[in-house]
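Take a look at the structure set out below.
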Amino acid sequence: MTTVVWFKRDLRVTDHPALAHAATRGDVLPLYVFEPEYWAQPDVSGRQFDFVLETVVELRAALEALGVPLMVRVGSVVDVLQDLQARVGFDAMLSHEETGNAWTYARDVDVAAWSAASGVIWSELAQSGVVRRLNGRDGWAKQRNAFLRQPQVGVPAGLTGPALPSDNVPLLVAKDHCPERQRGGRQMALSLLGSFLTERGQSYRKDMSSPVTGEWSCSRLSPYLAFGCLSGREASQAAAVRQREVKGTREGWGGSLKSFQARLAWRDHFMQKLEDEPALERRCLHSAYEDMRPKVPDAARRAAWEKGETGLPFVDACMRYLAATGWMNFRMRSMLMAVASYHLWLDWRVTGLHLARQFTDFEPGIHWPQSQMQSGTTGMNTVRIYNPVKQGKDQDPTGVFTRRWCPELAAVPDAFLQEPWAWEGADTVLGRTYPAPVVDVLQAARDAREKVWAVRRGGAFREEAKRVVHKHASRKDPQGHFVDDRNPRKSRVPAAKDTRQMGFEF
Ligand SMILES: Cc1cc2nc3c(=O)[nH]c(=O)nc-3n(C[C@H](O)[C@H](O)[C@H](O)COP(=O)(O)OP(=O)(O)OC[C@H]3O[C@@H](n4cnc5c(N)ncnc54)[C@H](O)[C@@H]3O)c2cc1C
């Protein structure tokens, strides 16, 4: 009998438990479905589509080399499976657990119903440290680390199975202009992993937070991890090998690789949040924040932020860079979200969708918990109101990045680049070639702080915050490692008082 291997966000043949297991059962039919309804969702974009298409082309060749090419179909998964069953009569389907968005969750419910009704046994295997049906966060890190330490699953020696024709794939989503997008495929992923671990990653810890140095020093693996060209386990184990090699050296590698491993752990930690509470894609984690910001955001502010025309130079430079590259380092993503949520007082659900589309690496399980965290709606994380002027001065001290992406500011002297409104010649630029700031940065942060504090006062807030901490906060594992999303350097069992932490960067 044939086993269908349904490829989703796991577009590789190495360390692919579902493919390896299917190969032990007999004939295999590897399947990828481009779903028009998925590509019509508000969180997806042309840059992601192009990345996936490139990756699928490479995957098809890799499977063909093993003996059976990937079958690529266009349509709803249930319709495709129905058609395939009529043609090849399979009795089992394997795929990996997916922590996707609400749409993919509902789609999986339909697929499960179809499988049950059609006598097909559909099994979903784990492919990351995310644990399905977890009963609370105690012990999670231990389970996650045990999974990461297990040997990788080898590539099947060869595959047999029916060769069925694929569909031509039409453009399913509007093209978006992203001239510097990362190219899809496993070869790129391996090349980036190699260059990061042998060269680029040496100064990762020191350089990751600036967009100037981060472009080179960050791993840049995010879209490849998001679509599974590379498994998290492969990345983590390769880093562990390198950690052993550089042990005892004093050139920055030790700290950088430790930070990289921590980020890979954050990945699973954040995705676990969405896995445990899918509603956090649409609802504030702490309900007290639900009505704090207008559900329909101020249209002018929103448009200015989306276009990179807020008049806050570093914010605009980051937004324009993101539009052109599809990538941004973590600190700058946090700042973009925080400025939208605090200074501009825009609802994270709306701004989060814009960022999701801009990111080639859109990963719902990281994206939505991070969006909420940077918007102060979780009830458990430090509320950090980044000052974009200070960020610009700290992270782009020479102004090279800001000037590249905001050429309208060419006439502004270095000393005023991040706050051109303070320059005596401001009138010659602001409101003419470059917008005046949409808000007064300091006043807007003060106003936001007041409103956030107003929500936090009161016993009812603390009661619900305790629930959130219990369900979602990180814990220390027995080795003392982990992943504290409030402060990566310190691992502490969270206490209820943490819910009152506030941080402001005036
Ligand atoms: C508002 C917001 C939204 C985000 N949305 C996404 C998203 O949709 N997809 C996505 O992959 N990342 C997202 N991130 C996390 C992070 O910014 C990116 O993973 C990182 O910038 C990608 O670059 P890199 O691969 O060079 O990361 P590196 O710094 O080299 O880290 C290696 C890997 O660790 C993981 N990682 C790194 N930082 C984080 C983090 N803070 N939280 C969880 N995992 C992390 C990623 O898988 C990353 O590829 C978001 C962050 C914020 C603040």
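The values are calculated or read from the model by the stated rules, or taken from the named source; none is laboratory data. Everything quoted here is computed from the prediction, not taken from an experiment. Note: ideal-geometry Cβ built from the backbone for every residue, glycine included; neighbour counts use all protein chains shown. The protein model used for the area step is the full one, side chains on, heavy atoms only, and it has no ligands, DNA or RNA in it. Shrake-Rupley method; radii C 1.70, N 1.55, O 1.52, S 1.80 Å.
Excluding ligands, DNA and RNA, the accessible surface per residue across segment 2-126 is 33 Å² with a 1.4 Å probe. Here the label points at Thr198 and Thr249, each 7 Å from Cα along the C-beta direction, are separated by 1.2 nm in the simple model. As a calculated quantity, the FRET efficiency between Asp83 and Gln187 at R0 = 45 Å, using C-beta atoms, amounts to about 0.90. Note on segment 2-126: with neighbouring protein chains present and a 1.4 Å probe, carbon and sulfur make up 55 percent of its accessible heavy-atom surface. Per atom type, segment 186-276 shows carbon and sulfur on 52% of its accessible surface, probed at 1.4 Å.
Can you classify segment 254-344 as rounded, prolate or oblate using the Cα gyration tensor, where a ≥ b ≥ c are the square roots of its eigenvalues, rounded means a/c under 1.5, and otherwise it's prolate if a/b beats b/c and oblate if not? Since a/c reaches 1.5 but b/c is at least a/b, the shape of segment 254-344 is classed as oblate.
Once each of the GluC sites (Glu not before Pro) sitting in a DSSP loop with at most 15 other beta-carbon atoms within 10 Å is removed, the chain keeps 38-179 as its longest stretch.
Carbon-plus-sulfur fraction of the accessible area of segment 388-458, 1.4 Å probe, in percent? Summing carbon and sulfur atoms, their accessible area is 54 percent of the total for segment 388-458. Can you work out the FRET efficiency for the pair Ser118 and His177, with r the C-beta to C-beta distance and R0 = 45 Å, to the nearest 0.05? Given R0 = 45 Å and the Cβ-Cβ separation, E is 0.55. A 1.4 Å probe run over segment 308-456, with the rest of the protein chains in place, finds 31 Å² accessible per residue. Accessible surface computed residue by residue for segment 186-276, with neighbouring protein chains in place and a 1.4 Å probe, gives 39 Å² per residue. The trypsin sites (Lys or Arg not before Pro) of segment 243-347 that meet both conditions, a loop assignment by DSSP and at most 14 other Cβ atoms within 10 Å of the site Cβ, are Lys247, Arg250, Arg282, Lys295.
Just so you know, the Rg over Rh for segment 186-276 is 0.96, from Cα atoms, with Rh as the Kirkwood radius. Each part gets one Cα centre, and for segment 377-407 versus segment 286-314 those centres are 16 Å apart.
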